Amino acid sequence: MSRKRVLGALLLAGAVSFGVAACGDVQDSSSSAASAAATDPAAFPTTITHKFGTTTIEKAPSRVVVIGTSSDDLDAALALGVTPVAFFTKSGSTSVPGYLQGKLDPAKTKIVDAANGVNAEEVGALTPDLILATADYGLDQEYANLSKIAPTVGYATEWGAQTWREHVQVAAKALGKSTQAQNVITTTQSTIDKVKADYPKAAGKTFTASVGNTPGKIFTLASEKDFAVQLIQSLGLKLSPAVAGLGQNDSGSPTGSLTPEQYDKLAADLVLIAFTSPDLQQAFESNQLVTNVKSGNYLVTDMETISALRYPTVYDIPWVLDKLRPGLAKLS
């Protein structure tokens with residue numbers, strides 16, 4: 001994954017947001033006071049080892065800044081009952097994604113567009129006492145300055161290699177919420193298990209998941225190491241052999257590209273696809289080789305869904321699985 005994964009993500013998501021956008025609240029069932037009370041005082045000081053060294057957090061943080069290309073850390077913090085003071089997003093969008101509606105309050109968390117890089121002075125002006133950046137692509141160039149501002153937690157080994165569970169666990173350790181982490185993980189896993197149980201006929205069925213964002217080309221998930229593929233396979237489906245491995249020769253990217261004469265390879269028991277414009281969708285669907293693809297279980301979704309699928313988090317997993325239900329229901 002690492003930087004190869006970001007290449008694949010950029011290809012798949014195109015110029016559209018990664019599904020990570022404005023963020024910040026936690027006002028589901030816990031207020032700031034409840035959040036503080038729930039922090040384990042015995043959790044500090046704590047030390048977290050990551051790619052850039054070790055970070056020691058002396059006491060429970062009260063001003064948390066999150067920096068991310070995806071919203072893994074943000075979602076983990078919110079689910080653990082912590083409201084970050086700011087989210088520096090590199091997604092290219094600062095609108096609130098569907099899966100965080102009602103879970104974040106931009107009035108309580110400053111949303112900063114950091115698509116062109118993080119301004120360390122702007123971070124410092126917020127006087128954070130913790131910076132969560134395990135989902136920050138580009139942290140290798142930013143860590144030195146950020147770590148001078150506040151304890152900064154980076155990714156363990158490489159960007160994009162941590163699972164949604166690991167993001168929760170690391171965020172929880174940094175926030176003094178480790179006792180709550182397992183509940184968050186269990187709740188999310190239960191959602192996945194419930195959807196799998198709801199559609200037993202999905203077992204063994206094939207799928208493809210793709211995006212059309214470039215004329216004359218379709219990008220499709222091609223690696224079983226990709227988190228989106230793993231999430232769908234956890235429902236009992238399997239990646240279609242026709243596309244598996246297509247990205248192996250593309251610098252290790254988890255996505256493979258198909259040209260118009262190869263579009264028939266997308267045929268599967270469930271075909272999931274999103275387009276960045278109606279014209280691209282029309283061009284794809286007018287191709288004669290797509291007749292076979294469309295004749296089956298053909299589910300056109302939106303870019304936000306595909307983007308959320310690429311970066312499974314504790315809050316976008318239930319949301320994106322609901323989006324897949326129409327396609328799952330047609331499997332027989």
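The values are calculated or read from the model by the stated rules, or taken from the named source; none is laboratory data. Nothing here was measured: the structure is a model prediction, and the numbers come from that model. Note that we place each Cβ from the backbone using ideal geometry, even for glycine, and neighbour counts take in every protein chain shown.
Observations on the model:
- Matching residues in the stretch 196-225 - criterion: being among the aliphatic types (A, V, I, L, M) and either outside the structural domain of Leu289 (by TED's automatic domain parsing) or surrounded by fewer than 17 Cβ atoms within 10 Å (Cβ to Cβ) (or both): Ala197, Ala203
- Only one entry of Thr208, Thr188 meets the criterion of being touching a Pro at 6+ places or on another chain (Cβ under 8 Å) and either modelled with pLDDT under 95 or not aromatic (Phe, Trp, Tyr) (or both), and that entry is Thr188.
- The one condition in (1) on the phi > 0 side of the Ramachandran plot; (2) surrounded by fewer than 19 Cβ atoms within 10 Å (Cβ to Cβ) that Gly81 fails to fulfil: (2)
- Residues in the stretch 84-108 that are buried (at least 19 other Cβ atoms within 10 Å of the Cβ) and of a type in the set (S, T, N, Q): Thr89, Ser91, Ser93.
- Residue ranges of helices (runs of 4 or more DSSP H) in the stretch 1-118 with at least 2 members modelled with pLDDT of 85 or more: 72-79
- If you go through the stretch 123-140 and keep only what is surrounded by fewer than 22 Cβ atoms within 10 Å (Cβ to Cβ) and either within 20 Å of Leu175 (Cα to Cα) or without any contact (Cβ under 8 Å) to a residue 24 or more places away in the chain (or both), you end up with Gly124, Ala125, Leu126, Thr127, Asp129.
- Residue ID - nearest to Ile67 (Cα to Cα), chosen from residues in the stretch 154-171 that are buried (at least 24 other Cβ atoms within 10 Å of the Cβ) and touching a His at 6+ places or on another chain (Cβ under 7 Å): Gly154
- Every pair of residues 6+ apart whose Cβ atoms lie under 7 Å, when the first sits in the stretch 153-165 and is touching a residue at least 40 places away in the same chain (Cβ under 8 Å) while the second is hydroxyl-bearing (Ser, Thr, Tyr) and assigned to a helix (DSSP H, G or I): Gly154/Tyr143; Glu158/Ser2; Trp159/Ser2; Gly160/Ser2; Ala161/Ser2
- Looking only at the stretch 51-96, and only at residues there that are more than 15 Å from the chain's Cα centre (by Cα) and among the small types (Gly, Ala, Ser), the one that is farthest from Pro318 (Cα to Cα): Gly53
- The one condition in (1) crowded, with 20+ Cβ neighbours inside 10 Å; (2) at pLDDT 95 or above; (3) in a helix (DSSP H, G or I) that Glu304 fails to fulfil: (2)
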